Amino acid sequence: MLYRPSTLSAADQGAFEEHADACRERMLDHVETLVERVPPPGARPVYELAFSPSEALPKRDRRPKLDTVILIEAVAEALDLPASDRDRVVRMTILTQEYFDIVDDIVDGDVAEGRTAEALIVSQLLVALTVEAASRLGPDAVAYWSYHAQTVLCAPFVEARKTPGAETYLELLDRQAGLYAVCTGVAAVVAGADDSVVERYERIGATVCKHRQVVLDYEQTGDGTWNAGQLFDETTLVETLARFEQTVTDLVSDLPDRPAGHIRGLVALDVPRWREAVEKMVDENPSDR
């Protein structure tokens, strides 16, 4: 897994992180292209809130999300998308991830005092950019994204109406996993894949997303009641992460070696070493959890 204890060999992990660095450079180029499409005076706040760490949205210290760019580039390669479509799908993915993340921060009250209106406006500018990006991929991509995005946006309703627990957490996680699934699914739609292939790529995206979310939740146990670190016991946590990793491994088993390896790298977490590192961090900085 990226920047965490991994089950990959030292050589394979080094190669994976080298690939991630190259993905980051391409991602920053895409960000520059996207910001150039925003008319002034909107370009600056879009860049500052959506594409870089900011005081307005303090919950994340890295923007945009690198793991989704690694994922979508691997999916595009596995689907043999031409370079122009690959770049469009990557840009749409970057926009989608940051849009949903800002909306989540607004809903959860994680915006700095006095900056909520700014965050809301930036989120709506991202919607406009995403619609433009989707239109460049064709009407099927627009229809697909519009429908599946609603599943993600409805997730807070589930959270508001149900009592926190391990089972309901997994139900909520299934909905939130659409955050990645909509992007990997769009890539398959753009490739002209049939329904079964689109569904497979949705599952790849969804499972990578669920694995990542459980990891982040455990690392931030004190952050809210809908949290794997609070709702899962040790056995459930370990078994859930193992199940997600195995599902990803099975789903990519017959994909070309290079993209399959990059996708597996996103979930190749050495759980015992990772938990030990998290607990050590908590012991040293108890206020962080």
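The values are calculated or read from the model by the stated rules, or taken from the named source; none is laboratory data. The structure displayed is predicted, hence computed values, not measured ones. Here the Cβ is made from the backbone with ideal geometry for all residues, glycine too, and neighbour counts use every protein chain on show. These accessible areas exclude ligands, DNA and RNA; they are computed on the full protein's heavy atoms, side chains included. Shrake-Rupley method; radii C 1.70, N 1.55, O 1.52, S 1.80 Å.
Brief remarks follow.
- When restricted to residues that are farther than 16 Å from residue 97 by Cβ and in contact (Cβ under 8 Å) with a residue 12 or more places away in the chain, region 147-163 contains 4.
- Qualifying residue in region 42-62 (condition: part of a helix (DSSP H, G or I), farther than 22 Å from residue 212 by Cα, open to solvent by less than 40 Å² (accessible area, probe 1.4 Å) and free of Cβ contacts under 8 Å to residues at least 60 places away in the same chain): yes
- All told, residue 212 meets the bar of being in contact (Cβ under 8 Å) with a residue 60 or more places away in the chain, closer than 24 Å to residue 17 by Cα and either open to solvent by 30 Å² or more (accessible area, probe 1.4 Å) or outside any helix (DSSP H, G or I) (or both).
- Filter result for residue 70 (within 15 Å of the chain's Cα centre (by Cα) and open to solvent by less than 60 Å² (accessible area, probe 1.4 Å)): yes
- The condition (being of a type in the set (Asp, Glu), modelled with pLDDT under 95 and more than 25 Å from residue 79 (Cβ to Cβ)) is satisfied by just one residue among 234, 239: 234.
- Search result, residues across region 156-171 that are at pLDDT 80 or above, open to solvent by less than 90 Å² (accessible area, probe 1.4 Å) and under 19 Å from residue 240 (Cβ atoms): 162, 164, 165, 166, 168, 169, 170, 171
- Whenever a residue of region 1-26 is in contact (Cβ under 8 Å) with a residue 12 or more places away in the chain, its partners that are open to solvent by less than 80 Å² (accessible area, probe 1.4 Å) and of a type in the set (Val, Ile, Thr), lying with C-beta atoms within less than 7 angstrom and at least six residues away or across chains, give the pairs 1/267; 20/70; 23/69; 23/70.
- Tally of residues being in a helix (DSSP H, G or I) and either within 18 Å of the chain's Cα centre (by Cα) or within 19 Å of residue 158 (Cβ to Cβ) (or both) across region 102-123: 8
- The single condition among (1) open to solvent by 10 Å² or more (accessible area, probe 1.4 Å); (2) modelled with pLDDT of 95 or more that residue 188 does not satisfy is (1).
- Test result for residue 80, open to solvent by 30 Å² or more (accessible area, probe 1.4 Å) and of a type outside the set (Lys, Arg): yes
- Taking the criterion of being surrounded by 13 or more Cβ atoms within 10 Å (Cβ to Cβ), in a helix (DSSP H, G or I) and aliphatic (A, V, I, L, M), the residues of region 134-155 that qualify are 134, 141, 142, 149, 152, 153, 155.
- Meets criteria (over 20 Å from the mean Cα position of the chain (by Cα) and part of a loop (DSSP other than H, G, I, E, B)) for residue 193: yes
- Once region 172-185 is narrowed to residues that are in contact (Cβ under 8 Å) with a residue 40 or more places away in the chain and closer than 8 Å to residue 206 by Cα, the residue that is most open to solvent (accessible area, probe 1.4 Å) is 179.
- Check on residue 108, under 26 Å from residue 24 (Cα atoms), open to solvent by 30 Å² or more (accessible area, probe 1.4 Å) and at pLDDT below 95: no
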